[in-house]
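Data first, discussion second: the structure below is written as structure tokens.
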Amino acid sequence: MNKIQRGALAALLIVIVVMAALAPAGIGFLFAQRSQQHDEAERLNTVADAALFRAEDVTRRLSGALGEIGKVAAVPCSPPYLNELRRIALTHRQVRDAGAYDRDGRWQCSSLLGAVSARVLDGLTLPPPDWRSRDGVMAWYGLSRLPGGKSSLVMGRNGFYVAADPSLYVDTLNAGDDVASGVAIINTEVSRVIATTPATDANAILAVYRTAPPVRDDSPYVVRRSVSMPLAVVVSAPHQTLRQRLRTLPWGWLLGGLVAGLALASWAAFFFVRRLSPRGQLSDAVRRHQFIVAYQPIVDLATRRCVGAEALVRWKYQDRIVRPDHFIPLAEHGGLIQAITDQVLDTVLLELGEFLKRYPQYYVSVNLSAPDLTTHRFLDVLGPAIARQGVRPQQIHIEATERSFLDADAAKEVISAFREAGHAVYLDDFGTGFSSLSHLQNFRIDGLKIDKSFVDTVGQDAASSSVASHIIDMAATLDVQVIAEGIEHEEQAAYLIARGAQFGQGWLFSAPLTAADFIRYAGKTRGA
Ligand code: C2E
Ligand code: CA
Ligand code: CA
């Protein structure tokens, strides 16, 4: 991955993490708002029900009073008649004034003022009513010329009337309600506003009533019609201040969303960091079987005939090939090496199984790490796997470095189990560790691999130039085989042969090959 790609990936991840945080918070906020709207709609409905109940009740009481006046037997505006009017006005709390008018609508008398003189009467003719029912009840909305109040609601019939304060219709509303709604009572037959709560715009409410908005949770109005009277109430949602809105916001949803967002974001961040860490990528590679195997021929130095191959793992990462030195230590520390060893074995058997079965004289040497040498696990995998392929145990060799003898007792036990099962075991990179010699004493093994660094100095004046020769002597004494690694020049090969080394590998003979190339290489040297 180059710098630009890494930058783009990092940016993408930040976007994903931020979205992971914001999405649940946003959803929480939406739910909070929804729930707030729902509560608000519920509240408007409750207010509307109460308002309609009140409006119907007041109307019923006024027409009740009107009915009582109709039953008064005395001559209109006579003292007994006026007495009756006063009694009715007193017994009906809603009635502010009651009186009579003549056929032309001229005012005759009132419970408050008694009989009216012709002079007063002059200016007082009732205008045509705002509304008239089929059975002769009339209503004036907002009459200001009758006594008892600036603006009265007047209901009349057959020459008598009752007057009331229109605010009666709405005055019980909003009591104890901390967010005041606007309420208006409307006569639905003439579309006139009868009464409103203070500071309510009657025209605006009438407009709402006429367009009759659909009843939705987020609609700021509720319209409720009476089934028994030509009445409707319109309740409008109060205009809430930001502070009121925040106060009534269901914080549970919001906080829940925030917490979920944070949790999701942390998880996403953790996931990406893990996935993008070297270990995460290696673990991905294991899961996806991204390993391939190269086979470096091992030859008989004297005849140059191929005797086998060392299996060398490579990681095919995107379109690059990663050398084992770059990931084996990580795999060992990250607990992935055993899975990699298994994949190497699977690949070897897949690619060379047939070949090994057909040519029992060849072997493939497999590199193991400490975890593979601490338990019998790999041996238990190896045995059945080669048996299935018809490959002999002698055809799979094991290479172990000193580093893999962390638990010396366990390694000793496992190594002898491999040998008992028929697998030759080699000590790899011999001479580079601190205690190579002591291992030779403690472990029974089949051979040594002389490290490339000692082969490199062969024929030079360096102090280590004779180490290879000493190792060969020692191997002869202990009666174990020797394989010299990293032979690049003829002189090195000649020197090693002269000292008695039997086997070698290195670029002089062949670099690591694909399976097909290895099979060809082996065939060529067989024919030689
Ligand atoms: P090693 O076991 O010492 O393997 C020999 C290394 O020397 C290989 O490097 C091979 O490509 C390289 N080599 C062979 N001949 C020459 C030569 O003439 N000149 C030079 N300059 N180099 C030569 P490679 O493939 O990079 O492997 C490096 C190490 O990774 C191996 O060292 C081995 O310790 C480890 N390794 C490789 N495959 C596996 C595996 O499957 N499992 C484990 N646990 N370790 C592995
Ligand atoms: Ca090796
Ligand atoms: Ca080696």
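Of note:
- For the criterion of being within 11 Å of ligand 1 (Cβ to nearest atom) and not acidic (Asp, Glu), ALA302 fails.
- If you filter region 425-454 down to residues that are more than 15 Å from ligand 2 (Cβ to nearest atom) and hydroxyl-bearing (Ser, Thr, Tyr), you find that the one that is modelled with the lowest pLDDT is SER435.
- Odd one out for PRO76, checked against (1) under 21 Å from MET138 (Cα atoms); (2) in a helix (DSSP H, G or I); (3) open to solvent by 80 Å² or more (accessible area, probe 1.4 Å): (2)
- Those helices (runs of 4 or more DSSP H) of region 426-504 in which at least 2 residues are more than 13 Å from ligand 3 (Cβ to nearest atom) and among the aliphatic types (A, V, I, L, M), considering only elements entirely within it, cover 436-442, 467-478, 490-499.
- For region 32-55, the condition of being basic (Lys, Arg) and farther than 30 Å from TRP267 by Cα holds for at least one residue.
- Restricting attention to region 265-312, the residues being charged (D, E, K, R), more than 30 Å from ALA494 (Cα to Cα) and open to solvent by 70 Å² or more (accessible area, probe 1.4 Å) number 5.
- Total residues in region 455-472, condition within 16 Å of ligand 1 (Cβ to nearest atom), open to solvent by 50 Å² or more (accessible area, probe 1.4 Å) and modelled with pLDDT of 85 or more: 1
- Residue satisfying all of: in region 198-236; assigned to a loop (DSSP other than H, G, I, E, B) and at pLDDT 85 or above; most open to solvent (accessible area, probe 1.4 Å) among these: VAL227
- Restricting ALA494, ALA484, ALA511 to residues that are out of contact with any Cys (no Cβ under 8 Å at 6 or more places or on another chain) and more than 15 Å from ligand 1 (Cβ to nearest atom) narrows the list to ALA494.
- Set THR188, THR172: member being at pLDDT 85 or above and under 16 Å from LEU52 (Cβ atoms): THR188
- Region 44-68: number of residues that are out of contact with any helix residue (DSSP H, G or I) (no Cβ under 9 Å at 6 or more places or on another chain), closer than 17 Å to VAL234 by Cβ and in contact (Cβ under 8 Å) with a residue 12 or more places away in the chain: 8
- ALA522 vs. criteria farther than 22 Å from ALA424 by Cβ, assigned to a helix (DSSP H, G or I) and either touching a Lys or Arg at 6+ places or on another chain (Cβ under 8 Å) or away from ligand 2 (no atom under 16 Å from the Cβ) (or both): no
- A single member of VAL17, VAL47 is of a type in the set (Val, Ile, Thr), touching a strand residue (DSSP E or B) at 6+ places or on another chain (Cβ under 9 Å) and open to solvent by less than 70 Å² (accessible area, probe 1.4 Å), and it is VAL47.
- Test result for ALA475, within 15 Å of ligand 1 (Cβ to nearest atom), in contact (Cβ under 8 Å) with a residue 24 or more places away in the chain and either among the aliphatic types (A, V, I, L, M) or not assigned by TED's automatic domain parsing to the domain that holds TYR362 (or both): no
- Any hit, region 363-375, residues being touching a residue at least 60 places away in the same chain (Cβ under 8 Å) and either surrounded by fewer than 20 Cβ atoms within 10 Å (Cβ to Cβ) or aliphatic (A, V, I, L, M) (or both): yes
- Among residues of region 93-137 being in contact with a Lys or Arg (Cβ under 7 Å, 6 or more places away or on another chain) and at pLDDT below 85, the one that is most open to solvent (accessible area, probe 1.4 Å) is THR125.
- Region 477-496, residues that are away from ligand 2 (no atom under 16 Å from the Cβ), small (Gly, Ala, Ser) and open to solvent by 10 Å² or more (accessible area, probe 1.4 Å): ALA494
- Of all the residues in region 400-414, those that are surrounded by fewer than 16 Cβ atoms within 10 Å (Cβ to Cβ) and within 12 Å of ligand 1 (Cβ to nearest atom) number 1.
- ARG392 vs. criteria of a type outside the set (Phe, Trp, Tyr), within 16 Å of ligand 3 (Cβ to nearest atom), open to solvent by 60 Å² or more (accessible area, probe 1.4 Å) and in contact with a Gly (Cβ under 8 Å, 6 or more places away or on another chain): no
- Hits in region 415-425 - residues which are in a helix (DSSP H, G or I) and either within 15 Å of ligand 1 (Cβ to nearest atom) or open to solvent by less than 10 Å² (accessible area, probe 1.4 Å) (or both): ILE415, PHE418
- Per the listing GLY523, GLY422, the residue uniquely out of contact with any helix residue (DSSP H, G or I) (no Cβ under 9 Å at 6 or more places or on another chain), within 24 Å of GLN394 (Cβ to Cβ) and of a type outside the set (S, T, N, Q) is GLY523.
The values are calculated or read from the model by the stated rules, or taken from the named source; none is laboratory data. Computed from a prediction, not measured in an experiment: that's the story for all the values here. Cβ sites come from the backbone with ideal geometry, for glycine too, and all protein chains shown count toward neighbours. When the accessible area is computed, the model is the full protein with side chains, heavy atoms only, and any ligands, DNA or RNA have been set aside. Shrake-Rupley method; radii C 1.70, N 1.55, O 1.52, S 1.80 Å.
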